[in-house]
Amino acid sequence: MKTQQNMEIVLAEHPKGVPTENTFKSSAIDMPILKDGEVLLKSLYVSVDPGMRGFMDKGEDDAAGVKFKIGKPITSRTVAQVIESKSGNFKKGTIVHGRLAWQKYQTSSTDALEKVDPSLAPISTAVGLLGIPGLAAYFGIINVGLLKKGETVVVSGAAGAVGSIAVQIAKIKGCKVIGIAGSEAKIAYLENELGIDQGINYQKTEDMESAIKATCPEGVDVFFDNVGGELFDAVLANINRKARLVICGQISEYNSDHPPTGPRPAHQLIKKSARIEGFVAFDFMDEFDFAKKQLAEWYNTGQLKYKENLLEGFEKIPSAFIGLFSGENIGKQMVKVADEMWL
């Protein structure tokens, strides 16, 4: 394996607003040297997610342990293959996933890795359907949303990695589901392929509050929010008594230096005895295995569809990430770096 085969992508500058190609820098690097207890990994699938944007901002707070620094590799959820091993726990050829650097090849301690079970679903799903996006959808809808059969569920960002799974879980559970997305192609996908009851294209809707009222005349019981901003305000105005507002993401504000001030929800929450709760999938780590098996079962029996917006080539990782903020992806945005090696 030649030295020039390895590449990495680092943070070149702190972005202002939406990241650009200048935010990143790609360069050739040496192959890493494998130490005892480590494995040498070849990246196969790299996940890009909107929530990574916050880690690119300038600041000293590194409480989450993943703040990106100038000149250092970006990291994200990645599926990789062990091509050399000095660990008794991970054999050569093993497929793993974890938060890894944007590098073609890298070494890692096995503590940071989890083995992928290819029998559950295709290995790329380890950072999609069976990864954080799928788990966020599952726990947000079921554990936080506490939805009941027959209720009305609204999901924003409904055609994205998390939203497209959340709407389907809500349908599986017998709910009326309204999906909000930003193009006619996405609405068609939600209605015709995923089987939601109705979609709302916010790009072509002047009055979102009235549009939600028209599609949800019985009111909204569960709101699964991936977007925030004015969409949140519009749904808030239509909630039912004892409604649950599940805050999974706020993509409308990730690139804003000064997030807009919207209506304050406290009065409406009191009036409707409603609850608003933010969460991350890792709040439910003890239930990961059960949730993955349930998601895989729904997928393998055809109850749940999963779509990947797959770009190919290591050099496409920055553009795949930037594309998240123009709303170009339907389903999970990710990059295929290399094929699995059959050893």
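Given the structure, is His267 modelled with pLDDT under 95, farther than 21 Å from Ser164 by Cβ, of a type outside the set (Lys, Arg) and not in a helix (DSSP H, G or I)?
Criteria not met by His267.
Given the criterion within 14 Å of the chain's Cα centre (by Cα) and in contact (Cβ under 8 Å) with a residue 60 or more places away in the chain, identify the matching residue among Ala161, Ala121.
Ala161
Out of Val227, Val246, report the one residue that is surrounded by 17 or more Cβ atoms within 10 Å (Cβ to Cβ), modelled with pLDDT under 95, outside any helix (DSSP H, G or I) and in contact with a helix residue (DSSP H, G or I) (Cβ under 8 Å, 6 or more places away or on another chain).
On the way: Val246 fails: modelled with pLDDT under 95.
When all the criteria are applied, what remains is Val227.
Exactly one of (1) under 29 Å from Ser326 (Cβ atoms); (2) in the same structural domain as Gly327 (by TED's automatic domain parsing); (3) crowded, with 20+ Cβ neighbours inside 10 Å; (4) not hydrophobic (A, V, I, L, M, F, W, C) is unmet by Lys69. Its number?
That leaves (3) as the condition not met.
The values are calculated or read from the model by the stated rules, or taken from the named source; none is laboratory data. Since the structure is predicted, the reported quantities are computational estimates derived from the model, not experimental observations. All Cβ positions, glycine included, derive from the backbone under ideal geometry; neighbour counts span all protein chains shown.
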